[in-house]
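Some notes on the structure that comes next.
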């Protein structure tokens, strides 16, 4: 009997120690995993990047990657990432730690030509976060097949790729980014293993792109144009021939710039960051705005990643009068391109409250020290499908006048 009790006691102690041992190992493993997880996450605008859900060499997007603060990543070079076009935007990030060529490919299973993606209005966009300007800056946007972006000699930093679709649906897509970085050996852990890039950014609310109603863009008055003359004589009236491809539908308005003069991001004076005014005559209303850039050479073969500009629209000739509206900026012109194949849409509906008589191209990266020179080629304004000027000038329907109600005299009752 005593022997049985002793065996039971020893067994109980052994089980207790075994359980403590297992719990200790598990707790230690969880702590190590949590530490590794925290160490692998990068601080971006006091938010963290969410790791993608890995499955071997193929990964799926998360459902919370609708902005760059929640971008999936960092991605691994050459790995296929899949997702559904069930949100307007899906963001991914990757770290460029070694100089070299970047290649980005977007495809859809069963759509080898990319026509289905084009029909849906899908766009593939490469951007980076500018900590000084506190906003995303676009490097390249592709909205026609093939959905491929290639860039070389970009600065070493974190980049973001996002897939945009105006009308979400359940279309499946494949995203693959190839860049010169060591590819970690896949493990069962979904945690990224690439070294983090220190990019902690301010905690202030960030704006991805400037809006047309921004008030922080100064109105510029050229010093060589008298402000009192109504019809300037020092502005050439000859019509320039566009150097970049463009189709001008009926009812559209085309402004062609002098491409022999480039505007500069690191200009010492504001005039060097602006084009000469181009006189136009555009009625008030709502317009779809497209821009095109020209650059026939880069000095010394240098890479320039911020060759962007936007359009200012004025109420008087010669860039005078009221600044009526400002367009969104065009994306950077690829180093291998001289022109955009077609003008790039920058505004779907830019409202002009009054007639526009002149336009000016302004460098979107003015005040930055990096050299980025570009020649604005043209601006195309096409009437949008709905026109605010028609809505605002509708005559209210007159209220009909009803005839007077007849007066009824009551008949006295018989006693």
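The values are calculated or read from the model by the stated rules, or taken from the named source; none is laboratory data. Keep in mind it's a predicted model, so treat the numbers as computed, not measured. Cβ sites come from the backbone with ideal geometry, for glycine too, and all protein chains shown count toward neighbours.
Taking residues in the stretch 366-377 that are within 20 Å of residue 276 (Cα to Cα), and partners anywhere that are exposed (fewer than 14 other Cβ atoms within 10 Å of the Cβ), the pairs with Cβ atoms closer than 7 Å and at least 6 places apart or on different chains are 375/261. Residues of the stretch 162-176 that are surrounded by fewer than 19 Cβ atoms within 10 Å (Cβ to Cβ) and closer than 16 Å to residue 74 by Cα: 176 alone.
Within the stretch 86-96, the set of residues being surrounded by 16 or more Cβ atoms within 10 Å (Cβ to Cβ) and more than 16 Å from the chain's Cα centre (by Cα) comprises 94, 95, 96. Being under 19 Å from the mean Cα position of the chain (by Cα), surrounded by 15 or more Cβ atoms within 10 Å (Cβ to Cβ), in the same structural domain as residue 123 (by TED's automatic domain parsing) and touching a residue at least 12 places away in the same chain (Cβ under 8 Å): is that true of residue 69 here? Yes. Scanning the stretch 117-132 for residues being over 17 Å from the mean Cα position of the chain (by Cα) and closer than 20 Å to residue 309 by Cα gives a total of 1. From the list 114, 83, 100, the lone residue that is over 18 Å from the mean Cα position of the chain (by Cα) and closer than 27 Å to residue 364 by Cα is 100.
Every test in (1) outside any loop (DSSP other than H, G, I, E, B); (2) without any contact (Cβ under 8 Å) to a residue 24 or more places away in the chain is passed by residue 280 save one, and that test is (2). Inspect the stretch 313-329 for any residue being modelled with pLDDT of 85 or more, within 18 Å of the chain's Cα centre (by Cα) and assigned to a strand (DSSP E or B) and give the result as yes or no. Checked against the condition, which is being modelled with pLDDT of 85 or more, within 18 Å of the chain's Cα centre (by Cα) and assigned to a strand (DSSP E or B), the stretch 313-329 yields at least one hit. Taking the numbered list (1) assigned to a strand (DSSP E or B); (2) over 22 Å from the mean Cα position of the chain (by Cα) in turn, residue 350 passes all entries but (2). Being outside the structural domain of residue 148 (by TED's automatic domain parsing) and modelled with pLDDT under 90 is a description that does not apply to residue 59. Condition (residue is surrounded by 14 or more Cβ atoms within 10 Å (Cβ to Cβ) and modelled with pLDDT of 75 or more) applied to the stretch 383-395: is it met by at least one residue? Yes, the stretch 383-395 contains a residue that is surrounded by 14 or more Cβ atoms within 10 Å (Cβ to Cβ) and modelled with pLDDT of 75 or more. Please tell me if residue 267 is touching a helix residue (DSSP H, G or I) at 6+ places or on another chain (Cβ under 9 Å) and part of a loop (DSSP other than H, G, I, E, B). Yes, satisfied. From the list 265, 284, 292, pick out the single residue that is at pLDDT 90 or above, within 25 Å of residue 154 (Cα to Cα), touching a strand residue (DSSP E or B) at 6+ places or on another chain (Cβ under 7 Å) and assigned by TED's automatic domain parsing to the domain that holds residue 338. The match here is 292. Is it the case that residue 105 is touching a strand residue (DSSP E or B) at 6+ places or on another chain (Cβ under 9 Å), assigned to a strand (DSSP E or B) and either surrounded by fewer than 20 Cβ atoms within 10 Å (Cβ to Cβ) or not assigned by TED's automatic domain parsing to the domain that holds residue 152 (or both)? Judged against the criteria, residue 105 is a match. Only a single criterion out of (1) more than 19 Å from residue 61 (Cβ to Cβ); (2) surrounded by 16 or more Cβ atoms within 10 Å (Cβ to Cβ); (3) within 12 Å of the chain's Cα centre (by Cα) is not satisfied by residue 135, namely (2). Residues of the stretch 295-312 that are at pLDDT below 90, more than 17 Å from residue 126 (Cβ to Cβ) and touching a strand residue (DSSP E or B) at 6+ places or on another chain (Cβ under 9 Å): 295, 296, 298, 299.
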